[in-house]
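See structure below.
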Amino acid sequence: MIKAVFIDIDDTLLDFDAYVRTSIRDGFSVYGLGEYTEETYQTFRRENTKIWHELEKGTITFEQLLNTRFTRVFAALGIGFDGPTFETYFRGRLFDSAIPVEGAMEALTYLKKRYPLYAASNGPCEQQKNRLRVGGMFDFFEDCFISEQIGHSKPSKEYFDYCLKKLNEGRETPLLPSEIIMIGDSLTSDMDGAIGSGLVSCFFDKKKSGQTGGRKIDYVITSLSEIPSIL
């Protein structure tokens, strides 16, 4: 029986793709970097995915990610511009970005009436909390488990061990991992993390890929509107 819900932020509750398209396009204009095209976006997504996977594996730190992300993107695009400068611009825009994923507010409203909710996200702590505030989502949560504050990232067991310890503080009967569901769009951070720590897993297959990489995932949804059918 599910007694608590962990839910990811980026591309689960807040639309990171929409933010990326807008902010990079505007940044190219601000810094005179030429025309923003679909190739620009696809290159960012490819390089960003690779570097986040490195963070998830523990081969780089979050600080290293921030210092090298756009250096890699610009190298792949053949653009001679300072990556950290654009990263500062990008993150400044992201701090106040809160474009909801379709159905996010309805899902949170439904879940809040039934379970204690916890945001579970990789990223900078104050940035993620502020984005939830701007999006009107912050007050739905009992707590926010953000990797920068924890010192470990999803999918590591250390990250989820910390979350479970915090969640159970003050409880007479601690919740078991099997009584908590992790809802998220990432197979490598959300699903691998949930499976590795014994949580119930719910993959938000936002892109309707139908692919799980052979993982034994408990639930797969393609829309947040499907949450009431499983919880």
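The values are calculated or read from the model by the stated rules, or taken from the named source; none is laboratory data. Computed from a prediction, not measured in an experiment: that's the story for all the values here. Cβ placement follows ideal geometry from the backbone for every residue including glycine, while neighbour counts extend to all protein chains displayed. With ligands, DNA and RNA removed, areas are computed over all heavy atoms of the protein, side chains included. Shrake-Rupley method; radii C 1.70, N 1.55, O 1.52, S 1.80 Å.
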Assuming R114 fulfils every condition listed in (1) open to solvent by 50 Å² or more (accessible area, probe 1.4 Å); (2) of a type outside the set (A, V, I, L, M, F, W, C); (3) touching a residue at least 40 places away in the same chain (Cβ under 8 Å); (4) assigned to a helix (DSSP H, G or I) apart from one, which condition is it?
-> (4)
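Out of all the residues in the range 90-102, is one or more assigned to a loop (DSSP other than H, G, I, E, B), of a type in the set (D, E) and more than 15 Å from L14 (Cβ to Cβ)? Talk me through it step by step, then tell me what you get.
So in the range 90-102, the residues assigned to a loop (DSSP other than H, G, I, E, B) come out as 96-99, 101-102.
Within this subset, residues satisfying the condition of being of a type in the set (D, E) are 96, 102.
This time we only want the ones that are more than 15 Å from L14 (Cβ to Cβ), so: none.
Checked the range 90-102: no residue is assigned to a loop (DSSP other than H, G, I, E, B), of a type in the set (D, E) and more than 15 Å from L14 (Cβ to Cβ).
Confirm whether R131 is within 13 Å of the chain's Cα centre (by Cα) and under 26 Å from T222 (Cβ atoms).
Yes, satisfied.
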Result of the Cβ filter at 9 Å on the range 122-134, keeping first residues that are at negative phi and partners that are β-branched (V, I, T) and part of a helix (DSSP H, G or I), at least 6 apart or interchain, is C125/I150
Given the conditions (1) surrounded by fewer than 16 Cβ atoms within 10 Å (Cβ to Cβ); (2) in contact (Cβ under 8 Å) with a residue 12 or more places away in the chain; (3) over 23 Å from A18 (Cα atoms), every one holds for I150 apart from (1)
Across the range 131-146, which residue is farthest from I99 (Cα to Cα) among those that are touching a Leu at 6+ places or on another chain (Cβ under 7 Å) and assigned to a loop (DSSP other than H, G, I, E, B)?
-> E142
Within the range 27-70, track down each residue that is closer than 21 Å to N122 by Cβ, in a loop (DSSP other than H, G, I, E, B) and touching a residue at least 24 places away in the same chain (Cβ under 8 Å).
-> G58
In the range 11-26, is there at least one residue being open to solvent by less than 30 Å² (accessible area, probe 1.4 Å), in a strand (DSSP E or B) and of a type in the set (A, V, I, L, M, F, W, C)?
-> yes
